[in-house]
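What follows is one structure encoded as structure tokens, with my remarks underneath.
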Amino acid sequence: MQKKISWIVLALVLVSSLQINAQYDKTDSSHKKLFIGSTLFLFGNLDKVNPPGFALLNIGYRITGKDVISLELKTWKHAWPLGINPFYNDAYKKPEEKFPGYIREYGFAIIYQRYLWKGLFLAVDATPMWQTYKNENGDKVGSGFIIFSTNKVGYHIKLFKDRVFLQPGIAIAGRIYQSNFPADFKEKDDKWPKWTPEPSLNFGFNF
């Protein structure tokens, strides 16, 4: 957990030393409308205890200088309940809180983002995810479906003449709906909140 926090602090320090610009002017039709991006938390795949096998690709379109919509493709796996936040909860990675296996999830998010003032924005999404439950031997023991949602406040930072951007932020993430949770997995999950705060550090490239 300390290494993850160190990565976040380092990234934010580097960002703070760069020039920060305002959002895209809603009256300016010449701004770059298309972008692709991902998240710096891909470095979490280097975790040796619970590697998430995480992948994320965001493809977006700026409707106006203040309104953005995007499609985000993502997958991850986790062996501990999502309600155990790895950034501040010491129960994360404790053997007694671990699932009897792990959950692999695949899905996509539809995201709406609205700039409020300069680079400050709010973003909300709805993310249907298809789940595969596997035991300690890697054998499938069930499947399920959830609708995940993230509500985020962040700041958009333009870099290198608006070719690149960073978006540090903080979010509240959780499950709106879940089906077919195996009983032995559900027993572990029910001990923890369905919604938790989490940091966000996305990046992207404009076209």
Item to complete: Would you check which residues across the range 99-124 are of a type in the set (D, E, K, R) and at pLDDT below 95 and list them?
Response: LYS118
Worksheet entry | Selected residue (only one of LYS152, LYS140, LYS161 is exposed (fewer than 13 other Cβ atoms within 10 Å of the Cβ), over 23 Å from LYS93 (Cα atoms) and charged (D, E, K, R)) | LYS161
Worksheet item: If you scan the range 68-125, which residues turn out to be of a type in the set (Gly, Ala, Ser) and in contact with a strand residue (DSSP E or B) (Cβ under 7 Å, 6 or more places away or on another chain)?
Response: SER70, ALA79, GLY83, GLY101, GLY107, ALA109, GLY119, ALA123
Worksheet, complete the sentence: Residues of the range 48-61 being loosely packed, with under 15 Cβ neighbours inside 10 Å and part of a loop (DSSP other than H, G, I, E, B), in sequence order, are LYS48, VAL49, PRO51, GLY53
Discussion item. For the structure I just gave you, tell me whether PHE185 is touching a residue at least 24 places away in the same chain (Cβ under 8 Å), at negative phi and not in a strand (DSSP E or B).
Written reply: yes
Item to complete: Just give me the residues in the range 91-149 being over 30 Å from PHE165 (Cα atoms), in contact (Cβ under 8 Å) with a residue 60 or more places away in the chain and part of a strand (DSSP E or B), in sequence order.
Response: ILE103
Item to complete: Write out, first by first residue and then by second, each pair whose Cβ atoms fall under 7 Å of each other, whose residues are 6+ apart or on separate chains, and whose first residue, in the range 36-61, is at pLDDT 95 or above while the second is basic (Lys, Arg) and surrounded by 14 or more Cβ atoms within 10 Å (Cβ to Cβ).
Response: ALA55/LYS74; LEU56/LYS74; TYR61/LYS33
Worksheet item: So, of the residues in the range 62-90 that are among the small types (Gly, Ala, Ser), in a loop (DSSP other than H, G, I, E, B) and without any contact (Cβ under 8 Å) to a residue 60 or more places away in the chain, which turns out to be surrounded by the most Cβ atoms within 10 Å (Cβ to Cβ)?
Response: ALA79
Worksheet entry | Within the range 175-205, tally of residues that are of a type in the set (Gly, Ala, Ser), at pLDDT below 95 and surrounded by 15 or more Cβ atoms within 10 Å (Cβ to Cβ) | 1
Worksheet item: If you check LYS26 against the conditions, is it at pLDDT 75 or above and either assigned to a loop (DSSP other than H, G, I, E, B) or over 20 Å from the mean Cα position of the chain (by Cα) (or both)?
Response: no
Worksheet item: Counting just the residues of the range 104-144 that are of a type in the set (S, T, N, Q) and out of contact with any Lys or Arg (no Cβ under 8 Å at 6 or more places or on another chain), which one comes out nearest to PHE185 (Cα to Cα)?
Response: ASN135
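The values are calculated or read from the model by the stated rules, or taken from the named source; none is laboratory data. Everything numeric here is computed off the predicted structure, so don't read it as measured data. So basically every Cβ, Gly included, is an ideal-geometry build from the backbone, and we count neighbours across all protein chains shown.
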